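Student: One structure is given below, represented as structure tokens, and several questions about it will come after.
Every number here is computed from the coordinates shown, using simple stated rules; none is lab data. Because the structure is predicted, anything quoted here is derived from the model rather than measured. In this analysis, Cβ positions are derived from the backbone assuming ideal geometry, glycine residues included, and neighbour counts consider all displayed protein chains.
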Amino acid sequence: MNRKFFVVFFAVVLIALVFSACQPAVVEPVAEEAAPVTEEVVEEEPAAENKGKIYAIFKDSASVFFADMGKGATKAAEELGYELVIQNPKSEAEVDKQISLVEDAIAANPVGIVLSVINSEALTIVTEQVKAAGIPLTCADNGDSGGYCDALYATDNVQVGVDLAEKAAELLGGKGTVWYLSPLAGVQCVNDREEGFRETMATKYPDIEIVNEEYEYCDNDKAVCANRTLDFLTARNDDIDLIVGANENALIGVATAIDERGLAGEILVIGLDASDDVIAFIKKGVIQASAIQNPFNMGYMAVYGIQEMVDGKDLGHAYIDSGNWMVTAENVDDPEIQAILHPQ
Amino acid sequence: MIESLKEKFGKLKKTSFYQLLTRFTILIILFLIFALTTNNFIKPSNLLTITLQVALYAVLACGMTFVLIVGAIDLSVGSIAGLSGIVCAILLRDFGMTIPLTLLISIIVGAISGLINGALTTYLKLPPFIATLGTMWMYRGVVQLLADGQPVTIRNPEHPEVGEFFKLLGSGRIWGSIPIAFIIMIVLAIILNIILNKTVLGRNMFATGSNTEAARLSGINVRRTTIYGFIIGGIMAGIAGILITGRLSSGQVNAGQGYELEAVAACVIGRVSLLGGEGSIIGALIGAFMMGILRNGLNLNGVGSFWQQIVIGIVLIIAVFSDLYQRKRINE
């Protein structure tokens, strides 16, 4: 390591700092890409009073779920005349990144903040700061454990877990073996679903055995989830009746593995979230059912919640259930389901 | 000058063969341990499954081998894989491009990404670690922009054969058993091995990596050689990206994330030196398979994800330690 190395290193770091100071959005790819969208949107409105900025901080820049939530929030912001700034960490594993984003948002002193909390315990640190700064805070999909969200628009994830258990029991006729594959550790709604699922199975369906007592994770990576499923099937000689994929990545991973092994329909698959890939698997008979939520509505209502607070209303830390539906091959083409899957 | 260089290579080959033998022995021992602890491990279907799982990482590792031998490192290969994968998917979905052209362009994207890394390292003299750290972020950002944050499906109801072809590439098997991805890996490994050991370029790469000044003084174009190393790494990453898109029937925004570390780990375990000038394709393959067998064996034994990560970390540390230890012994 010579002097030249350090000179170059520090030069690069300095340039990076200067660069990032000039363009705060450059580090977050989605923010960079979302900001122009909202600029356009605000300009289209002829009578657009730019009433200020609302910051929307979600969990994952690569997720269809949060993309839909962003669409809902954008639509509401457009209708109300606010400029929406959407920001995401690169993945749900980056809790500390989300905390930093909230801190930065507080410093920007926006009209309000819409937040989708990755980890309820961890984010309480900053939600408290948001309220201390007097900024309206609505939460979508998941709130904090300190209760600082003025309102929460979410699916009841424990209920989703319960519904999945009921569906599994229905498909299995009340008896059989189940493997529960979670995407990754430390995410509140993932934990809630697993809790609801295991609780229901333990109390209501004693003849259904969940074969993994410990939580099973797969890096929130579809290929890793697929590999894990393949190994699981090998270990058990395909002796399993139903597999649950607890979010889109886990579900696609499981479905890919089942499809590769040609076991569609022999080993049942259920899970959560419905991207186009999941729908394709449902129609192909690889996935039997998937619980979908309404992220578009969560985002939409959360922005309107900010407006209510601006108008002086106290939201009273209310919880508003945005609902969940079970999609199967039978109802996948229903207009009601389609409207949720492809929100405008 | 050329004579002494040749002598040097002769010596190196002897020692690295011996060292690879020890690695290979460890692989066999691992194999036996798992074969004894679970009856499912040794089954042909499981072994073939392992080849499918490992093929992707192995292709990346083989590319990384070139970069390491030339004396650099490429942290952006995971992002390059993601980039090629998404380009491949977008060309198919939005441009209705033919398969051969799509494959060509996707691989070229990988090559160009590697070229940029090489240029940053050799022309701007940025340390490879820093340069590729930067491009790792950049390329991933481009993936996000191109995909608009969503998966890009290649399933086309009007042209189902397109989706079928890529599915075959990613997870198809010949005679219902040998994964096509594995065969692709073997073909690539053979080609890369020839480049590395039987061409002037390969020899130049070893020379550049082990002693850049001596190489330059003996007339080797160090800059060009280094860039070729990066380009090959980029091409392999591009192919890996196509395989991922094939297996999942869609371009994924997060495809390949973290895979650069897997590739480095596989190379290190396979005795490719992080300091440059030493390594082999066989080594990279052994490293990749060792990690794959470890994962598979632990999965079959029901070991949880967290313990697996600890085990793999320990294996990596032991591998690097034994590498340094043996290197010391040889030098004494």
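Student: Just checking the output field for B:42-54: average partner chain Cβ neighbours within 10 Å of each residue's Cβ?
Tutor: 3
Student: Can you tell me the relative contact order of the range A:157-292? Whole percent, Cα pairs under 8 Å, sequence separation 6 or more.
Tutor: Result for the range A:157-292 is 25 percent.
Student: Tell me, what is the percent relative contact order of chain A, built from C-alpha pairs under 8 Å that lie six or more residues apart?
Tutor: 17
Student: Give the percent of DSSP beta bridges with both residues in the protein assembly as shown that are antiparallel, rounded to the nearest 5.
Tutor: 20
Student: Exactly which chymotrypsin sites (Phe, Trp or Tyr not before Pro) in the range A:45-137 are in a DSSP loop and have at most 12 other Cβ atoms within 10 Å?
Tutor: none
Student: If you rank B:Arg327, B:Arg271 by fewest surrounding Cβ atoms within 10 Å, what's the result?
Tutor: In order of increasing Cβ crowding within 10 Å: B:Arg327, B:Arg271.
Student: Between the range B:219-298 and the range A:284-313, how many Å separate their Cα centres?
Tutor: Result: 41 Å between the Cα centres.
Student: Something else: In a Gaussian network model over chain A where Cα atoms closer than 10 Å are linked, find which of A:Glu195, A:Glu260, A:Glu92 has the largest mean-square fluctuation.
Tutor: A:Glu260
Student: Turning to a different aspect of this structure: Can you run phi through the Karplus equation (6.51, -1.76, 1.60; θ = phi - 60°) for the range B:313-325 and list ³J(HN,Hα) in whole Hz, with x for Gly and Pro?
Tutor: Calculated HN-Hα couplings, in order: x, 5, 4, 4, 5, 4, 4, 5, 4, 5, 4, 5, 4 Hz.
Student: Alpha carbon centre of the range A:218-245 versus the range A:134-211: separation in Å?
Tutor: 20
Student: Also: Can you tell me the 0 to 90 degree angle between the C-alpha axis of helix A:3-22 and the longest principal axis of chain A, rounded to 10?
Tutor: It is inclined by approximately 80 degrees.
Student: Whole-Å semi-axes of the range A:157-292's equivalent ellipsoid, largest first, each the root of 5 times a Cα gyration tensor eigenvalue?
Tutor: For the range A:157-292, the semi-axes come out at 19, 17, 15 Å.
Student: Further question: Which entries of A:Lys51/A:Lys90; A:Lys175/A:Lys283; A:Lys90/B:Lys167; A:Lys75/A:Lys131; A:Lys204/A:Lys313; A:Lys90/A:Lys131 show an alpha-carbon separation above 31 angstrom in the structure shown?
Tutor: Among A:Lys51/A:Lys90; A:Lys175/A:Lys283; A:Lys90/B:Lys167; A:Lys75/A:Lys131; A:Lys204/A:Lys313; A:Lys90/A:Lys131, the Cα-Cα distance tops 31 Å for A:Lys204/A:Lys313.
Student: In whole percent, what relative contact order does chain B give with Cα contacts below 8 Å and a gap of six or more residues?
Tutor: Result for chain B is 33 percent.
Student: Over all residues in A:220-229, what is the mean tally of Cβ atoms on other chains that come within 10 Å of each residue's Cβ?
Tutor: Mean shielding by partner chains, rounded to a whole number: 6.
Student: Another question, then. Ranking B:Leu201, B:Leu120 by Cβ neighbours within 10 Å, fewest first, what do you get?
Tutor: B:Leu201, B:Leu120
Student: Moving on. Using a 10 Å cut-off on Cβ to Cβ distances, tally the other chain neighbours for every residue of B:242-250 and report the average as a whole number.
Tutor: 3
Student: When a footprinting reagent is the concern and you count Cβ atoms within 10 Å, what order do A:Trp179, B:Trp137, B:Trp175 take, fewest first?
Tutor: B:Trp175, B:Trp137, A:Trp179
Student: Add -39500 (n - 2.57) for each DSSP H run of 4 or more in the protein assembly as shown, then divide by its residues: what number comes out at 222 nm, to the nearest 500 deg cm²/dmol?
Tutor: The helix contribution divided over the protein assembly as shown gives -21500 deg cm²/dmol.
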